[in-house]
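Worksheet: the structure to be examined is printed underneath.
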Amino acid sequence: MNTTVTHVDIPIIEAPLIPDIAVTIIDENEREILIQNIKRLLLERNAVIVAHYYTDKDIQRLAEETGGLVSDSLDMARFGNQHSANTLVVAGVRFMGETAKILNPEKTILMPTLKAECSLDLSCPPDAFARFCDQHPERIVVVYANTSVEVKARADWVVTSSNAIKVVEHLMDEGKKILWAPDRHLGHYIQSMTGADMLIWQGACVVHEAFKANGLKRLKLQHPDAAVLVHPEAPAAVIEMADVVGSTSRLINAVKEMPHHTFIVATDNGIFYKMGQVAPDKQLISAPVGGRGATCLSCAHCPWMAMNNLRNLSHALEAGDGEIKVDPLIAEKALISTRRMLEFEG
């Protein structure tokens, strides 16, 4: 496919500092007390848990047991918008909580911790991004959901990895040129699949960018019958070796539907909980990242997602801490681009 590439000077944003997260150890007795306390508080507050696939398995299991949802960011947004609960407890990273607040200004949005950021969000500062957009007014601004409410307010469209290609194809049919942010790997993947004329912001996910092609090649030699599943936030050299490239939901479905017994998975290993549910007889191997062993299951995990745990989730419900607040005027602007994402049928 022919791809139009436009060369411009794109601001270089310093990579976000990766937090040093201490592992939260919860023994079995405390774990059971916390779970029962959370279940009681959810009922008392008319609250529901909306959790991402990358969060701790205890949180995912608790969301399922209490009528909540475990899914990708697109379905998290839809579920929270449609649920009747007065309070949404968003277990994930800050942009997910902000998206919930954009769509549900009348609801209370709590997060286990407001320190749970996203490297893609941090790599796209609103002021710098707004200046860049102003330099290219002829382009439609399409941003990944992994962005702040201020960036969404500046955008024409919000997309996720589930619908990004279809949205870009739709805009191409209308003769539009695209300004894309923030993930450069996902942007280049979309560009390669569609041939769209895209200016691509130079952000990246610290987890997915760490996957290494050379290590993946060696791992494939050890498991020649394994299928390789890759999220499109990974570098192009890793994507090229994939049997399936797609969103978290698509990768989970691939494990369930493909005949292979073994899968090498190049995305956050928090997804293994759900993959294990839908295909308990399959072997799941974490794709290698830089400087780590090829089969290390702890290496490919978002340090900000790891901040979510039963202890701070319980505290958020008990004390009302971790509430997401968004400027109503900014939220109103961000709602336009976010609604386009939810309403797009492409």
Of the residues that make up region 120-136, is at least one under 17 Å from residue 339 (Cβ atoms) and hydrophobic (A, V, I, L, M, F, W, C)?
-> no
Filter region 185-205 down to residues that are surrounded by fewer than 20 Cβ atoms within 10 Å (Cβ to Cβ) and at pLDDT below 95, then give me how many there are.
-> 1
Picking from 35, 25, the residue that is within 19 Å of residue 314 (Cβ to Cβ), surrounded by fewer than 24 Cβ atoms within 10 Å (Cβ to Cβ) and either in contact (Cβ under 8 Å) with a residue 12 or more places away in the chain or acidic (Asp, Glu) (or both) would be 35
Tell me, yes or no, whether region 119-135 has at least one residue that is closer than 30 Å to residue 45 by Cβ, in contact with a helix residue (DSSP H, G or I) (Cβ under 8 Å, 6 or more places away or on another chain) and surrounded by 21 or more Cβ atoms within 10 Å (Cβ to Cβ).
-> yes
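Out of region 59-103, which residues are without any contact (Cβ under 8 Å) to a residue 40 or more places away in the chain and either of a type in the set (Gly, Ala, Ser) or part of a loop (DSSP other than H, G, I, E, B) (or both)?
Keep residues of region 59-103 that are without any contact (Cβ under 8 Å) to a residue 40 or more places away in the chain, which gives 63-69, 76, 79-80, 82-85.
Matches in region 59-103: 63, 66, 67, 68, 80, 83, 84, 85.
Condition check ((1) farther than 18 Å from residue 331 by Cβ; (2) within 16 Å of the chain's Cα centre (by Cα)) across all residues:
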| residue | (1), (2) |
| --- | --- |
| 53 | yes, yes |
| 56 | yes, yes |
| 71 | yes, yes |
| 84 | yes, no |
| 110 | no, no |
| 141 | no, no |
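So how many residues does region 48-58 have that are buried (at least 22 other Cβ atoms within 10 Å of the Cβ) and either of a type in the set (S, T, N, Q) or part of a strand (DSSP E or B) (or both)?
First pass over region 48-58, keeping only residues buried (at least 22 other Cβ atoms within 10 Å of the Cβ): 49-56.
Subsequent filtering for residues that are either of a type in the set (S, T, N, Q) or part of a strand (DSSP E or B) (or both) retains 49-52, 55.
The total comes to 5.
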Unique match (being of a type outside the set (Phe, Trp, Tyr), in a helix (DSSP H, G or I) and at pLDDT 95 or above) among 252, 264 = 252
Leading residue by the ranking (surrounded by the fewest Cβ atoms within 10 Å (Cβ to Cβ)) among those in region 60-74 that are over 18 Å from residue 249 (Cβ atoms) and in contact with a strand residue (DSSP E or B) (Cβ under 8 Å, 6 or more places away or on another chain) | 67
Scanning region 320-346 residue by residue, the ones that are closer than 30 Å to residue 44 by Cβ and in a loop (DSSP other than H, G, I, E, B) total 7
Output the number of the condition that residue 237 fails; it satisfies all remaining conditions of (1) farther than 30 Å from residue 179 by Cα; (2) outside any strand (DSSP E or B); (3) aliphatic (A, V, I, L, M).
-> (1)
A careful count of residues in region 147-186 that are in contact with a Pro (Cβ under 7 Å, 6 or more places away or on another chain), assigned to a loop (DSSP other than H, G, I, E, B) and within 17 Å of residue 246 (Cα to Cα) gives 1
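Considering only residues of region 102-113 that are within 18 Å of residue 327 (Cα to Cα) and in contact with a helix residue (DSSP H, G or I) (Cβ under 7 Å, 6 or more places away or on another chain), which is surrounded by the fewest Cβ atoms within 10 Å (Cβ to Cβ)? Even if it seems obvious, please write down each step before you answer.
In the first step, residues of region 102-113 are kept if they are within 18 Å of residue 327 (Cα to Cα); the result is 102-111.
Checking which are in contact with a helix residue (DSSP H, G or I) (Cβ under 7 Å, 6 or more places away or on another chain) leaves us with 102-105, 109-111.
Details: 102: 27, 103: 21, 104: 19, 105: 12, 109: 25, 110: 25, 111: 27.
Residue satisfying both the conditions and the ranking: 105.
Condition check: under 22 Å from the mean Cα position of the chain (by Cα) and on the phi > 0 side of the Ramachandran plot. Does residue 67 satisfy that? Let's see the steps before the verdict.
Numbers: under 22 Å from the mean Cα position of the chain (by Cα): yes; on the phi > 0 side of the Ramachandran plot: yes.
It is true that residue 67 is under 22 Å from the mean Cα position of the chain (by Cα) and on the phi > 0 side of the Ramachandran plot.
The values are calculated or read from the model by the stated rules, or taken from the named source; none is laboratory data. On a predicted model such as this, the values are computed, not experimentally measured, just so you know. Every residue, glycine as well, gets a Cβ built from its backbone with ideal geometry; the counts of neighbours run over all protein chains shown.
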